[in-house]
Amino acid sequence: FIFCSVLKGDASKLQQRLQQRGILIRYFNLPRLQNSIRISVGKPEDTDTLVKALQELGEEING
């Protein structure tokens, strides 16, 4: 797993946007893990799909 904090934006919204693309991540709605997500490390092609989606969503959010 990769565990990370979402520094810009809202982790729950990121989870929803990725889910719309068929990418499932785990969002933690807990005080100690506020705005954090967990991503399972899969096959290289799964990782490529995730990275591309994150880049596209980042461009949408940041202009």
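Take the conditions among the small types (G, A, S), touching a Leu at 6+ places or on another chain (Cβ under 9 Å) and in contact (Cβ under 8 Å) with a residue 24 or more places away in the chain and apply them to G9. Does it pass? For G9, the condition - among the small types (G, A, S), touching a Leu at 6+ places or on another chain (Cβ under 9 Å) and in contact (Cβ under 8 Å) with a residue 24 or more places away in the chain - is met.
Report yes if R32 is surrounded by fewer than 16 Cβ atoms within 10 Å (Cβ to Cβ), in a strand (DSSP E or B) and either more than 13 Å from the chain's Cα centre (by Cα) or without any contact (Cβ under 8 Å) to a residue 40 or more places away in the chain (or both), otherwise no. It is false that R32 is surrounded by fewer than 16 Cβ atoms within 10 Å (Cβ to Cβ), in a strand (DSSP E or B) and either more than 13 Å from the chain's Cα centre (by Cα) or without any contact (Cβ under 8 Å) to a residue 40 or more places away in the chain (or both).
Conditions tested, residue by residue: (1) hydrophobic (A, V, I, L, M, F, W, C); (2) surrounded by 14 or more Cβ atoms within 10 Å (Cβ to Cβ); (3) in a loop (DSSP other than H, G, I, E, B).
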{"position": "G9", "(1), (2), (3)": "no, yes, yes"}
{"position": "Q16", "(1), (2), (3)": "no, no, no"}
{"position": "Q19", "(1), (2), (3)": "no, no, no"}
{"position": "I23", "(1), (2), (3)": "yes, yes, yes"}
{"position": "Y27", "(1), (2), (3)": "no, yes, no"}
{"position": "D48", "(1), (2), (3)": "no, no, no"}
{"position": "L54", "(1), (2), (3)": "yes, yes, no"}
{"position": "E60", "(1), (2), (3)": "no, no, no"}
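Here's a check for you: in the range 35-46, which residue that is assigned to a loop (DSSP other than H, G, I, E, B) and either acidic (D, E) or farther than 23 Å from D10 by Cβ (or both) is modelled with the highest pLDDT? Selected residue: K43.
Taking first residues from the range 48-63 that are at pLDDT below 80 and partners that are part of a helix (DSSP H, G or I), no Cβ contact under 7 Å between residues at least 6 apart in sequence or on separate chains turns up.
The values are calculated or read from the model by the stated rules, or taken from the named source; none is laboratory data. Since the structure is predicted, the reported quantities are computational estimates derived from the model, not experimental observations. Ideal geometry is used to build each Cβ from the backbone, glycine not excepted, and the neighbour counts take in all protein chains shown.
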